[in-house]
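Asker: The structure follows.
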Amino acid sequence: MLKANRIQLIKGRGRLLAPDLLGVDPETIRFRKLLLATGSQPAELPILPTDGQRVVHSDHLLAATELPRS
């Protein structure tokens, strides 16, 4: 779908340099429209470690092949 809609996917750490300019090291990209997907990373709590069984986070759920019982 990306190619069919002429959307260029760029992965990396970026920053907006101007209203139409994106810096993604080592490139600088000029754009007309920008869709920024920041992603996420689960937070680990030292007092409550995730084990994938009793305590799960979004990565565990996305990788699961079946639904949990509860």
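Asker: If I ask for residues that are among the acidic types (Asp, Glu) and open to solvent by less than 90 Å² (accessible area, probe 1.4 Å), which ones from segment 11-50 would you list?
Answerer: If the condition is that a residue be among the acidic types (Asp, Glu) and open to solvent by less than 90 Å² (accessible area, probe 1.4 Å), then Asp20 is the only one that fits.
Asker: If you don't mind, another one. Identify all residues within segment 26-36 that are among the hydrophobic types (A, V, I, L, M, F, W, C) and outside any strand (DSSP E or B); write none if there are none.
Answerer: Phe31, Leu34, Leu35, Leu36
Asker: Yes or no: Gln8 among the polar types (S, T, N, Q), open to solvent by 100 Å² or more (accessible area, probe 1.4 Å) and at pLDDT below 85?
Answerer: No; evaluated as a whole, the condition is false for this residue.
Asker: Right, next: From Gly23, Gly39, which residue is among the small types (Gly, Ala, Ser) and part of a loop (DSSP other than H, G, I, E, B)?
Answerer: After applying the criteria, what remains is Gly39.
The values are calculated or read from the model by the stated rules, or taken from the named source; none is laboratory data. From a predicted model like this one, the values you see are computed outputs, not experimental measurements. Side chains are part of the model used for accessible areas, which takes the heavy atoms of the whole protein and leaves out ligands, DNA and RNA. Shrake-Rupley method; radii C 1.70, N 1.55, O 1.52, S 1.80 Å.
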